[in-house]
Every structure is written in C-alpha cells, then in structure tokens.
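The structure under discussion appears below in the form of structure tokens.
The values are calculated or read from the model by the stated rules, or taken from the named source; none is laboratory data. Keep in mind it's a predicted model, so treat the numbers as computed, not measured. FYI the Cβ positions are ideal-geometry reconstructions off the backbone, even for glycines, and counts take in every protein chain you see. Surface areas here come from the heavy atoms of the whole protein model, side chains and all, with no ligands, DNA or RNA. Shrake-Rupley method; radii C 1.70, N 1.55, O 1.52, S 1.80 Å.
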Amino acid sequence: MNPNGPNLVFLLNKSLTLNQLKQIHAPIITNGLNELQSLLLRQVFHSNFTYSRTIAQYVHQILHNLQNPDDFSWGCAIRFFSLHFQYKTALSLYVQIKRLGLCPTSFAVSSALKACARIVHKVGGISIHAQVHKYGFFGCVYVQTALVDLYSKLGDMETARKVFDGMTEKNVVSWNSILSGYLKAGNMEEAQVVFDEIPNKDVVSWNSMVSGYARIGNMDKAFFLFQQMPERSSASWNAMISGFADCGRMESAQSIFDSMPLRNKVSWIAMISGYSKCGNVESARQVFDQMSEKDVLSFNAMIACYAQNSQPKDALELFNQILKREVNIQPNEMTLASVISASSQLGDLKFGLWIETYMSKDGIELDDHLATALLDLYTKCGDIERAYKLFHGLKKRDVVAYSAMILGCGINGKAVDATKMFEEMVSTQICPNSITYTGLLTAYNHAGLVEEGYRCFNSMNDHGVVPSGDHYGIMVDLLGRAGQFDKALELIRSMPMQPQAGVWGALLLACSLHNNVELGEIAAQNCFKLEPDKSGYYALLANIYASAERWDDARRLRKVMEKKGFTKIPGCSWMQSI
C-alpha cells in the first residue's frame with residue numbers, strides 16, 4: 001500500500017497494536033504528514049492497550065513533537081493519564097497547556113480537577129476552579145460535577161453544596177458526588193436527604209448508602225436498603241458481607257455470602273478477614289480452601305489471620321507454600337509484614353535476617369511499614385541495636401513505630417531509653433495509644449520502678465487512653481514484685497472491668513516470689529475459676545505451700561494436677577541468637 005495521506009488515515013481508523021501504530025508513525029514522519037500525528041495520538045487513546053510505562057513514554061514523545069499542538073490532543077492526553085491513575089502527570093500536562101497558549105477543553109479541565117481530588121491537591125484544585133469561569137465552563141455538567149467531587153473529597157462540603165446547588169443541569173454522577181461527600185464526612189442524616197432526592201438512582205447511589213450505614217455499624221438499615229435495591233452489583237453484596245463481618249455477625253455475613261449469585265476475590269477475602277477478626281481461624285481456613293483460584297491477596301489474608309490469632313507456625317507454613325515454584329505467586333510487602341509478625345511471636349531472629357536478604361534480592365523496597373515490622377521482631381529477639389538502626393532510618397515515625405521501640409526497650413531492660421523515646425514521641429505531637437503504654441509500663445516493671453509506673457498508669461487518661469486489663473496486669477505484677485500486696489489487691493478491686501486470669505496470675509506469681517500464702521490462695525482460687533485447665537497456677541500455689549512447709553497442701557495439689565492429667569512443661573526460650 002502506498003503510504004500516502006488517505007491510505008494512512010484509512011489504516012489509523014482500524015484497530016491496531018502498538019507496534020502497528022509505530023510502523024504507521026514512521027511514514028508519517030518521513031513523508032512530512034505532520035497533521036496525521038494528532039490522529040495517531042487519538043488512536044492510542046482509544047485503543048484497548050494495557051497501560052504501561054512504554055505507552056506513557058510513547059504518548060509523551062508524540063505529544064511534545066507535534067508541529068502544531070492543538071488543545072484537543074492535549075486535552076485527550078490529560079484525560080488519558082487521569083483515567084489511568086497518573087494524576088501528577090495529568091496535572092503536569094495541564095500546566096503545560098497554559099504555557100503553550102492553548103485553551104483547555106472541558107475534558108482537560110474535568111480530568112485535571114479529578115486528579116486534584118484524588119491526590120488531595122487543594123491549591124491546584126482551587127486554582128483550576130478559578131479558571132472554570134475564565135474559560136466559560138460554568139455550564140458544563142462534567143466540569144461542575146468534577147468540582148463537586150473535588151470539594152467533597154477535600155471535606156469542604158459547604159463549597160461542594162454551593163457548586164452543586166448552582167448547577168443548571170445535574171446527572172446521576174453529580175448526585176452521587178455530593179452524596180459521597182456527605183457519607184465521607186459521616187453526615188448520614190444529610191446523606192439520606194440527598195439520596196431520597198436523587199431522581200434516577202443507579203447502583204452506585206444504592207451502594208453508597210448501603211456502605212455508609214454498614215460503615216457506622218447500622219446493619220439493620222443497611223440490610224433494609226439492600227433488600228430494596230432494584231439492581232445489585234458485586235459491590236452491593238460485598239458491602240453487606242464486610243459490614244456484618246466488622247460487627248462480628250459472621251452468621252449473617254455467611255448467609256449473604258452463600259446467597260451471592262457471583263462471588264469475586266473481594267467476597268472471599270472479606271469472609272476470611274471477618275472470621276479472622278472473630279478469632280475463628282478454622283472457619284477462615286475453610287473459606288480459603290474453598291477458593292478455586294488463589295492469588296497473593298488471598299494468601300495474605302490467610303497468613304495475616306494466622307499471625308493475628310497467635311498461630312505463627314501455621315502462618316510461616318503457608319508462606320512456605322507461596323515460595324514453591326509450582327504455586328507461582330510473588331509475595332508482596334503485605335505478605336512479608338505478616339510473616340515478620342509471625343516470626344516475632346516465635347522470636348526467630350534468623351528469619352528476619354533472611355527476609356532482609358530476600359527483599360534485597362527480589363527488589364522489594366524496605367518501606368516504613370516493613371521496617372517497623374522488622375524492628376518489632378529485632379527488639380523481641382533482643383537485637384535492640386539493629387532495631388535502633390531501622391527506627392532512625394524511617395522516613396516517617398508514627399505511633400506504631402514508637403510503640404514498637406518503647407516496648408522493645410522495655411522488654412530489654414532499657415527503662416531510661418523507653419522514657420526518652422516516649423517523651424520524644426509526645427513532643428513531636430504523636431499521641432500515644434494503648435500499646436505505647438503497655439511498652440512503657442513493661443519498661444518500668446522490668447526495672448522495678450514503682451513510682452514511675454504509678455505516674456505512667458495515672459497519666460493514661462491525659463492522652464485519652466483507657467487502661468485495659470493488660471495494663472492492670474502489668475501494674476499488679478510491678479506492685480506484687482515490690483512486695484506491695486495491699487496496693488496490688490486494692491488496684492484489682494478498683495478495676496472497672498472483671499479482672500482477667502492474667503491479673504490474678506500476676507498477683508499469684510508475686511506471692512510465690514514472696515511466699516505470701518494467704519494472698520496466694522485468693523489469687524489461685526480466682527485463677528482456677530477463670531482458667532481451670534492451666535497447670536501453671538496449680539504448680540505456683542503448690543510451690544508456695546512447699547516454701548511455707550505446708551507439705552500436706554502441696555501434696556494435695558500435686559494429686560489434683562495428676563488427676564487432671566497435667567504434666568510439668570520443661571522450661572524453654574523462644575529467643576534465638578544469630
């Protein structure tokens with residue numbers, strides 16, 4: 001075929017591969033048919049290519065070599081990059097339009113506004129809003145809808161509503177944008193008003209409301225709307241499954257899951273995560289095993305389930321399955337974070353070192369999330385120096401990283417370092433949480449600093465943290481080890497919740513250290529009642545009797561242990577050395 005203008009135009013109107021387009025591009029350049037480059041570019045935008053860096057570079061190459069740049073081609077390019085989540089690139093091209101002296105199209109303006117909304121670029125969004133009037137787009141429904149979406153995502157519902165009310169024409173996307181804004185702001189009352197006013201609700205409108213009620217735990221209202229839906233998508237079913245799972249209503253979640261006409265990966269993972277939150281690992285594994293196709297996300301959900309429910313060996317065993325060649329699944333950052341958590345429960349330092357080597361070999365970046373998981377592992381394995389190195393290398397230190405370091409310092413007997421870390425954290429306006437205080441109290445407990453522990457415990461309310469049973473347990477242990485049994489018993493009796501076995505167990509252990517028979521008996525009786533199958537409590541009380549030379553009582557307890565089938569577990573340590 002002769003590579004003249006009409007023939008090339010004919011070809012460019014066909015469905016072509018990227019290589020075929022490049023082959024056509026060559027005669028366009030060699031024959032000086034520059035006016036066809038815009039048509040070539042539009043063909044790239046309308047093709048069903050999977051977005052890649054190669055395609056992005058090719059678009060840039062054509063766009064910046066246009067002899068006669070036109071606003072339509074540039075507008076389509078901005079829309080193209082915005083549709084493929086390349087928001088910063090889209091905004092960069094929008095800025096260049098102005099420098100070229102071109103007038104942006106409605107496509108360009110609405111796509112640039114969408115980009116600002118997605119990356120929460122407030123200054124850029126307001127700047128483009130000012131240009132909307134300048135270029136005469138205040139009557140364009142697409143541009144106005146993009147503005148409503150922008151201000152909704154910025155949390156400025158007053159401006160979003162002002163733009164929305166000023167629209168001469170509204171479509172369902174406009175209504176859904178303002179609805180989404182109220183839902184994001186947690187204003188369910190106003191969201192319901194908007195929802196009721198939508199003239200032609202689509203499945204997105206219904207899904208938004210169902211998800212909104214599910215998010216605040218009002219599953220009765222969510223289910224009522226779900227039943228009223230004229231059309232349901234997979235997102236509708238998944239919103240109900242996730243909502244019931246978050247509320248711990250797994251029977252209802254299972255019922256919805258069983259009724260689904262077509263399940264997707266989100267449905268399966270939501271069920272696994274729901275059972276994980278409830279501590280029902282067996283049911284989670286049953287769901288996982290029923291999946292016909294498993295990807296890295298489903299493996300991540302199940303590995304995380306094991307790690308979060310104190311079954312680290314199962315988590316590592318499942319991770320080893322991923323590494324098998326026939327499985328052909330590449331672990332990602334979330335996979336590694338979960339297996340690192342499992343390793344920290346086992347005190348497996350060698351695995352942490354292997355993970356770092358594995359990440360380096362496979363080019364996985366050590367982001368802050370992974371670094372925090374690793375430093376938690378290293379502190380629990382006693383390698384505090386390696387943990388310090390990771391901590392100081394973090395790009396952004398958050399409450400999770402500080403809490404891990406404070407707890408690490410605490411269990412490694414570095415009470416002074418834990419205190420300094422806590423003070424540094426508070427001074428940088430990072431609010432401590434429950435785990436932070438667990439770490440700090442552990443530090444004081446290990447160092448036997450009773451007064452400091454009391455001050456710390458009493459200061460929890462200053463940061464809006466309500467002491468949990470674990471915090472009370474650490475304080476009882478601290479007071480008991482110091483021989484302050486009256487204060488320990490008083491603290492237990494003042495607890496706003498029912499004292500758990502760990503609290504009474506801490507007191508029992510302290511009684512065994514100080515041979516306090518009377519209080520030891522009280523603590524032991526409560527332990528027997530709460531956890532009757534734990535042999536350790538019987539052994540501790542028997543030792544207290546033996547130390548007080550109450551041999552008959554000690555023998556009686558030993559017989560009870562034999563009758564219950566208890567055997568003494570030999571001492572061991574989970575901590576490994578390099």
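With a 1.4 Å probe and all protein chains left in place, how much accessible area per residue does region 342-428 have, in Å²? Display every interim value, and only then the final one.
Details: 3890 Å² over 87 residues.
So region 342-428 comes to 45 Å² accessible per residue, rounded to a whole number.
At 1.4 Å probe size, with the rest of the protein present, what percent of the exposed accessible area of region 493-550 is carbon and sulfur atoms?
Of all accessible area on region 493-550, carbon and sulfur atoms account for 48 percent.
Which residues make up the longest stretch of the chain clear of GluC sites (Glu not before Pro) that lie in a DSSP loop with no more than 16 other Cβ atoms within 10 Å, not counting the sites? Please report the intermediate quantities before stating the final value.
Values: sites that count: GLU169, GLU231, GLU293, GLU326, GLU365, GLU549.
Longest run free of exposed loop sites: 366-548.
Could you work out what % of the accessible surface of region 213-294 is carbon and sulfur, using a 1.4 angstrom probe and leaving DNA, RNA and ligands out of the count?
Values: 1940 of 4280 Å².
Roughly 45 percent, rounded to a whole number.
What range in the chain is the longest one free of trypsin sites (Lys or Arg not before Pro) that are in a loop by DSSP and have at most 13 other Cβ atoms within 10 angstrom? If you can, show how the numbers build up before the last one.
Details: sites that count: LYS14, LYS324, ARG325, LYS395, LYS396, LYS568.
Counting only loop sites that pass the neighbour cut-off, the longest clear stretch is 15-323.
Given contacts defined as C-alpha pairs under 8 Å and at least six residues apart, what's the relative contact order of region 222-275, whole-number percent?
Working: 47 pairs, mean separation 20.3, N = 54.
Taking the mean separation of contacting Cα pairs over the length of region 222-275, I get 38 percent.
Run down the lysines and flag those whose C-alpha is under 20 Å from the C-alpha of LYS534, throwing out any fewer than 8 positions away in its chain.
The reachable lysines, counting only those whose Cα sits under 20 Å from LYS534, are LYS559, LYS563, LYS564, LYS568.
Computed from these coordinates, which is percent of Cα pairs over 41 Å apart: [x] 38; [y] 46; [z] 17?
[y]
What pairs in LYS350/LYS395; LYS277/LYS361; LYS313/LYS361; LYS134/LYS162; LYS294/LYS389 have C-alpha atoms more than 27 Å from each other?
Check vs 27 Å cut-off fails for LYS277/LYS361; LYS294/LYS389.
What are the aspartates and glutamates whose alpha-carbon lies under 16 Å from the alpha-carbon of LYS98, with same-chain residues fewer than 8 places away excluded?
ASP70, ASP71
Only helical DSSP H runs with n ≥ 4 go in: add -39500 (n - 2.57) per run for the chain, normalise by residue count and round the 222 nm mean residue ellipticity to 500 deg cm²/dmol.
Numbers: 34 runs with 410 residues, N = 578.
It comes out at -22000 deg cm²/dmol, rounded to the nearest 500.
Could you let me know the centre-to-centre spacing of region 253-292 and region 529-558, using Cα atoms, in angstrom?
Comparing the Cα centres of region 253-292 and region 529-558, I get a distance of 44 Å.
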